[in-house]
1. When all protein chains stay in place, what accessible area (Å², nearest 10, 1.4 Å probe) is found for D175?
2. If you restrict to DSSP beta bridges whose two residues both lie in the chain, what percentage is antiparallel, to the nearest 5?
3. For segment 1-76, report the accessible area per residue in Å² (1.4 Å probe, heavy atoms, rounded to an integer).
4. Pop out the carbon and sulfur fraction of the accessible area of the chain as a percent, whole number, probe 1.4 Å.
5. Could you give the length gained by full extension between Q66 and S172, i.e. 0.36 nm per residue of separation minus their alpha carbon distance, to one decimal place?
6. Which whole-Hz couplings ³J(HN,Hα) result when phi for each residue of segment 211-218 is put into the Karplus expression 6.51 cos²θ - 1.76 cosθ + 1.60, θ = phi - 60°, listed in order with x for Gly and Pro?
7. Per-residue HN-Hα couplings for segment 200-209, Karplus 6.51 cos²θ - 1.76 cosθ + 1.60 at θ = phi - 60°, whole Hz, x for Gly and Pro?
8. Express the C-alpha Rg of the chain as a ratio against the empirical globular expectation 2.2 N^0.38 Å, rounded to two decimals.
Amino acid sequence: MQHDGKIAVVTGAAQGIGLACAEKLHAEGAKVVMGDVQGDKVAEAAAALDASGATAIGMACDVSSQAEINALAAKATDTFGRLDIMVNNAGLGVAATVLEITEEDFDRIIGINLKGTLFGSQAAARVMVEQENGGAIVNMSSAQALLAIPNSVPYGISKAGINQLTRIFAVSLADKNVRCNAVGPGTINTDMARNAVLSSDAAYRMILSRTPLGRLGEASEVASVVSFLASDEASYVTGQVIYPDGGRQPVNYVMPVPEELPEL
Ligand SMILES: NC(=O)c1ccc[n+]([C@@H]2O[C@H](COP(=O)([O-])OP(=O)(O)OC[C@H]3O[C@@H](n4cnc5c(N)ncnc54)[C@H](O)[C@@H]3O)[C@@H](O)[C@H]2O)c1
């Protein structure tokens with residue numbers, strides 16, 4: 001299997017895309033350390049992968065704390081001896097327009113999404129540069145890194161920042177055999193999307209009108225891109241962002257939406 005012998009850390013792994021990434025990497029042979037601010041839930045998720053704890057560990061971790069993200073990376077090296085794959089997935093949005101956004105909300109979202117990704121990448125990189133085979137970092141960006149939504153101010157800014165930090169890490173660490181890439185999903189069928197943007201048929205229609213493939217993505221369809229970027233199959237890929245977004249990036253104007261909306 002493509003991740004046999006690899007040690008992976010995934011943040012925000014209690015549910016949604018992070019859980020799908022941990023499941024995929026584990027299914028492909030990696031041992032996984034799963035971090036999440038929902039400590040009990042991530043411990044249960046890890047136990048569902050391997051109740052013995054020999055190949056999957058869940059750990060409480062708030063990625064907005066550098067000390068906690070360092071501890072998560074240390075869990076991988078202390079337990080398994082190395083860290084080959086770091087997936088900085090934990091993220092959060094808040095509805096806020098340019099006229100409303102508060103300092104508190106800005107600091108909170110930037111702290112989790114951008115600072116968490118930066119120090120997660122740093123913690124992993126500090127281990128990877130000392131390893132013979134380097135490693136691979138994959139950051140969770142968003143279609144919103146490129147496309148603007150008016151009521152999503154700190155989120156979009158945080159994801160644009162993730163794209164640039166991905167390029168900076170890639171260029172900084174290339175000579176140490178550490179690759180750094182990002183994945184920028186469109187609208188994916190998880191709690192985050194269901195709570196935030198699928199609150200009404202009108203909101204759902206608006207999403208589909210910008211989605212040529214005509215449906216939301218599934219978390220597993222993001223995880224497969226993460227797994228590819230983390231694998232040796234992507235050995236010549238660094239500093240890139242891949243968008244599993246159902247074709248949203250190239251759309252100008254809107255797509256037709258069927259009268260009957262696809263079930264979620
Ligand atoms: N669902 C989408 O449509 C979509 C689209 C583009 C990008 N993304 C990104 O994908 C990632 C995962 O989102 P999801 O859709 O699975 O959402 P989700 O809400 O289902 O899962 C997010 C997970 O992150 C955890 N988390 C939140 N704050 C944390 C913190 N401070 N420290 C550690 N863990 C924390 C949550 O507990 C949860 O388990 C996020 O970075 C999100 O921005 C999602």
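1. 120 Å²
2. Values: 0 of 27 bridges.
The antiparallel fraction comes to roughly 0 percent.
3. On the way: 2870 Å² over 76 residues.
Per residue, segment 1-76 has 38 Å² of solvent-accessible surface.
4. 54 percent
5. On the way: separation 106, 0.36 × 106 = 38.16 nm, distance 2.04 nm.
Full-extension gain reported as 36.1 nm.
6. Running phi through 6.51 cos²θ - 1.76 cosθ + 1.60 with θ = phi - 60° gives 9, x, 6, x, 7, 6, x, 9 Hz.
7. With coefficients 6.51, -1.76 and 1.60, one gets 8, 4, 4, 5, 4, 4, 4, 4, 5, 5 Hz.
8. Working: Rg = 17.8 Å, N = 264, 2.2 N^0.38 = 18.3 Å.
Output field value: 0.97.
The values are calculated or read from the model by the stated rules, or taken from the named source; none is laboratory data. Since the model is a prediction, treat every value here as computed from it, not as a measurement. Note: ideal-geometry Cβ built from the backbone for every residue, glycine included; neighbour counts use all protein chains shown. Ligands, DNA and RNA are stripped out before the accessible areas are found, and what is left, the full protein with its side chains, is counted by its heavy atoms. Shrake-Rupley method; radii C 1.70, N 1.55, O 1.52, S 1.80 Å.
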